[in-house]
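Just so it is clear, none of the values below were taken in a lab; they were calculated from the coordinates. Everything quoted here is computed from the prediction, not taken from an experiment. Positions of Cβ are generated from backbone atoms using ideal geometry, with glycine treated the same way; all protein chains shown enter the neighbour counts.
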Amino acid sequence: MEYTVKCSKCGKEDWDNTSWKCECGAPYNIILEEKFYVNRIERKNYSLWRYKKFYPYIKDSIVTLGEGFTPIIKVEDNLWFKLDFLMPTGSYKDRGSSILVSGIIENLKGINCVSEDSSGNAGASIAAYCARAALKAKIFVPENASGPKLFQIKKYGAEVYTVKGKREDVSAAAQNVKDSLYVGHSWHPYFKDGIRTLAYEIAEQMDWKTFDNIFLPVSAGTLLLGVIAGFIHLLDSGIIDKMPKIIACQTSQVSPLYHKLKGGKYIKPEKILSVADALITTNPPLLEEMYNMMKKIDGDAEIVNENEIIQAHTILAKKGVYVEPSSAVAYAAYLKRLKEKNLSEKENVLIILTGSGLKSAL
Ligand SMILES: [Zn+2]
């Protein structure tokens, strides 16, 4: 067998490919049984589909908008940026959506409608790939959702449903649509599995040498877990010789992983009032899994405040790099560590920049 689908908590392997969580309540994960081989990369394909051989559940039905293989640029002596906001819909989420929608078209023949809860980049990304595949998308959003990302979702032709109440109520509405497959980006194993292409690209673009440190923003956890999964696969396959130090970056308002790792209790604010408006998951379903993986790889976490985020966002723009404020959180955390001398200037650093500034209000 080339791969298995396992519950992340109880280890059951009974996924029927229409359920989005295990009976025990935890999400499923795809576990590859095969090693990574450099000579299996399709080198003439300049999208994430150059790694198609490492997606054994997708053979023929590729749904693509040309996503992936985004540039890495060197900005200072020991500092690089991965420009993962240069994607068809303006965020790294297209990695998950392309694999998700391709996986559905290939393996779930009767499905013609999916549902998702997100008024942000994930909603826009899934709406775009559904449009590409002529799948109907029902996107559930909180009643106060607004702005360019919502326009984008609607323009792709998704049906948008506004839900009153808490964030959990929006999720519950999306999870209970009749005749529709729930593809919540924190939950669906195909979506999460698409993110590991990011680690493959980073390693390949640097000629299989690993960065000392990688800073990335963390909210729901799909980016963090996908990047870790990709690097573990490369390490276990003998392609790279060490795991980069992964630094999970959060805002001081939304920092459940930071607090779990550092040992403090996280108290969520009454209302989140942050410029980093894509980092809003105060109670992520993947928290336990993130914690366990970060312990396993000896990862680290950092938090930044509003001033630090706004400053970092401006400094990035003055370097010619216009991202959304939520993406500047990773750069803000890097600057904080340098300032506090928690990072040696000799160590090299990659910052993953995840979302375009063109659809944010700042
Ligand atoms: Zn389970």
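Restricting the chymotrypsin sites (Phe, Trp or Tyr not before Pro) of the stretch 23-67 to loop positions (DSSP other than H, G, I, E, B) with no more than 12 neighbouring Cβ atoms within 10 Å leaves 37, 46.
Over the stretch 36-86, all Cα pairs binned in 10 Å intervals from 0 give whole-percent P(r) values of 22, 41, 28, 8, 1, listed from short to long. Close amide H partners of residue 15, meaning residues 5 or more places away or on another chain with modelled amide H under 5 Å apart, do not exist here. Segment residue 346..residue 161, full-extension length gain: 61.6 nm, with 0.36 nm per residue of separation and the alpha-carbon distance subtracted. Model label points for residue 282 and residue 45, set 7 angstrom from Cα along the Cα-to-Cβ axis, are 4.2 nm apart. Averaging the Cα positions of each part gives two centres, and for the stretch 181-224 and the stretch 237-302 these lie 14 Å apart. For residue 246, the residues whose amide H sits under 5 Å from its own are 214, 300, ignoring neighbours fewer than 5 places away on the same chain, with H placed 1.01 Å from N. Taking the stretch 241-335, which GluC sites (Glu not before Pro) meet the DSSP loop condition and have no more than 13 other C-beta atoms within 10 Å? Within the stretch 241-335, the qualifying GluC sites (Glu not before Pro) (loop, at most 13 other Cβ atoms within 10 Å) are 270. Of the beta bridges in the chain, as assigned by DSSP with both residues counted there, near 25 percent are antiparallel. Under a 5 Å amide H cut-off, with hydrogens placed 1.01 Å from N, residue 84 pairs with 353 among residues at least 5 apart or on other chains.
From a point 7 Å beyond the Cα of residue 311 in the direction of its Cβ, which residues of the stretch 325-362 have a backbone N at a distance under 19 Å? Zone members listed by number: 325-345. Here the 3J(HN,Hα) profile of the stretch 81-86, calculated from phi with Karplus coefficients 6.51, -1.76 and 1.60 at θ = phi - 60°, is 10, 9, 8, 7, 7, 7 Hz, Gly and Pro shown as x. Trypsin sites (Lys or Arg not before Pro) within the stretch 206-306: which are DSSP loop residues with at most 16 other Cβ atoms inside 10 Å? Of the trypsin sites (Lys or Arg not before Pro), the ones in loops of the stretch 206-306 whose Cβ has at most 16 other Cβ atoms within 10 Å are 209, 242, 265, 271.
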